[in-house]
Amino acid sequence: MAKSTTSYSCSACGNVTTKWSGRCEACGEWNTIVEDGGLSVGPKKGSIGGMKGNAIKLTDLASQEAPLPRTHSGIDELDRVLGGGLVPASAILVGGDPGIGKSTLLLQAAARFSEAGLKVLYISGEEASAQVRMRAQRLGLGSANVQLGADTNLRNILTTMETEKPDLVIIDSIQTMWADTVESAPGSVSQVRSAAHELTTFAKRKGASVILVGHVTKEGQIAGPRVVEHMVDTVLYFEGERGHQFRILRAVKNRFGASDEIGVFEMSGHGLEEVKNPSALFLTDRENTVTGAAVFAGIEGTRPVLVEFQALVAPSHLSQPRRTVVGWDSGRLSMILAVLEARAGIAFSGLDVYLNVAGGMRVNEPAADLAVAAALLSARENTPLSENCVVFGELSLSGALRAVAQTENRLKEAQKLGFTRAIGPVGGKQAQVSGIDMAQMSDIASFVVETFGTT
Ligand code: TYD
Ligand code: MG
């Protein structure tokens, strides 16, 4: 006889236990164990070893699959992040902070996908249909052929999907959905998990794509267990800084395309607008003569993007000087400071260090190491870097500069934006781009000598 008791699961890793504890045994996180409802634990009657399933249809690896027929929304920034358009019967999770613009983006996408010939359902669990309609009218999408629904009951939503047979269903948001088979409240781990599971499997069986909106907790995770991320084919994060108008849609997982692709949008009075040339946007506030600034020629997914690193170095009155970073990894900043001290003899002890990526962009590429080092050195030496110069290269702990991928694309983007010089590592695939004078350095010490004339 199956014993039905209360079970608990970890909201960080999804581990299920039978008793509550302050710390998750599986992932070690504190205060993440929450009560599930109605999950039965213990062995069930008729164990799986007794077998009463259906035989799986098997194919061999050589069988040919037709290329995926993708639907293009016509919003290039979105299509690219999806890996070249929407794949039929795929499941996508779009995560982001509340108020960042997820509903706006998906309403615009819904309208464009319906123009492209898909039957689109937009189910809102947060706003009434009238509110969504008002927003659509404000966005100039009033005449789009999108079917709106406002409900949170999963059973009603699945029934609607069964009768309407849509090609695409947008669920805004997964945290508001609830299944009457699960006892806990909407937004709880077990509700989010079972709602996501029911929706994705049902949609896939019916050949529909589903886009789930997920709110992100203040720790930066999609609220609810990680298992939602595993259930879907594609995970996109919509991010941006509060004070800035632009937003970045970033693919962190994609079974149908590159996972580090970004799409850039700008929030305007009439919705999100595509930013076709993000480098120009990130560099607009640039002042060449300022010390502590270095332009990094980066690559985001398949696209080159130029961003400016800004550093400020000031005498510290604290026993442990401040290290503040926005838009870059703080551990990596410490590493670069250590490399500068150990390999180039430039110490930052007794100095507060602030590092910022201009425009609110977030950079994850190790190739930005040299740009960070250049900005720090420029601030420390109070000497501006030469005008119209871009910098890139990964720093190793030995102080050596490592070659990075896609040198040619980086240089071409720099050239397009009016830069004439570049500093990068030796080795790697050599690239010549006319109009760019490229200086190659083997290590950080020679970079310091060449650029600032000191060691
Ligand atoms: P929204 O899409 O509701 O965010 P989310 O679904 O991620 O919670 O966006 C809300 C914000 O966007 C709100 O602060 C107002 C702003 N906004 C504009 O600036 N212009 C617009 O045209 C729209 C629709 C929203
Ligand atoms: Mg919303």
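The values are calculated or read from the model by the stated rules, or taken from the named source; none is laboratory data. Only a predicted model underlies this, so the values are computations on that prediction, with no experimental measurement involved. In this analysis, Cβ positions are derived from the backbone assuming ideal geometry, glycine residues included, and neighbour counts consider all displayed protein chains. Keep in mind that these areas ignore ligands, DNA and RNA; they rest on the heavy atoms of the full protein, side chains included. Shrake-Rupley method; radii C 1.70, N 1.55, O 1.52, S 1.80 Å.
Evaluating 6.51 cos²θ - 1.76 cosθ + 1.60 at θ = phi - 60° for every residue in the range 132-146, the Karplus couplings come out as 5, 5, 4, 5, 4, 5, 5, 7, x, 10, x, 9, 5, 8, 10 Hz, glycine and proline recorded as x.
Once each of the GluC sites (Glu not before Pro) sitting in a DSSP loop with at most 13 other beta-carbon atoms within 10 Å is removed, the chain keeps 66-218 as its longest stretch. Phi-derived couplings, Karplus 6.51 cos²θ - 1.76 cosθ + 1.60 at θ = phi - 60°, listed residue by residue for the range 238-248: 9, 10, x, 8, 3, x, 9, 7, 9, 10, 10 Hz, with x used for Gly and Pro. Computed from point charges on the beta carbon alone (+1 for Lys and Arg, -1 for Asp and Glu), the dipole magnitude for the chain about its Cα centre is near 1120 Debye. Rounded to the nearest 5, what % of DSSP beta bridges with both residues in the chain are antiparallel? Looking only at bridges with both residues in the chain, the antiparallel portion is about 50 percent.
Just in the range 95-133: which trypsin sites (Lys or Arg not before Pro) are loop by DSSP and have at most 16 other Cβ atoms within 10 Å? Don't skip to the end; give the middle numbers.
Working: sites: LYS102, ARG112, LYS119, ARG133; in loops: LYS119.
Taking the range 95-133 and a limit of 16 other Cβ atoms within 10 Å, the loop trypsin sites (Lys or Arg not before Pro) found are LYS119.
Any chance you could run the full-extension gain for ALA338 through HIS197? It's 0.36 nm times the residue separation minus the Cα-Cα distance, nm to one decimal.
Additional length available on full extension: 46.1 nm.
Share of Cα-Cα pairs in the chain beyond 36 Å, in percent? Cα-Cα pairs of the chain separated by over 36 Å account for 41 percent. Taking 25 °C and 0.890 mPa s as conditions, the range 281-452 diffuses translationally at an estimated 155 µm²/s according to Stokes-Einstein applied to its Kirkwood radius (Cα pairs).
Is it possible to state the helix-based mean residue ellipticity at 222 nm for the chain, with each DSSP H run of 4+ residues giving -39500 (n - 2.57), the sum divided by total residues, to the nearest 500 deg cm²/dmol? What is it? Mind dumping the intermediate values first?
Values: 11 runs with 115 residues, N = 455.
After summing the helix terms and dividing by residue count, I get -7500 deg cm²/dmol.
Remark on ILE423: its backbone amide H falls under 5 Å from those of VAL390, VAL391, PHE392, ALA439, a criterion applied only to residues 5 or more positions apart or on other chains, H modelled at 1.01 Å from N. Here the accessible area of the chain is 51 percent carbon and sulfur, with a 1.4 angstrom probe and all protein chains present. Solvent-accessible surface of the chain, averaged per residue with a 1.4 angstrom probe and all protein chains in place: 48 square angstrom.
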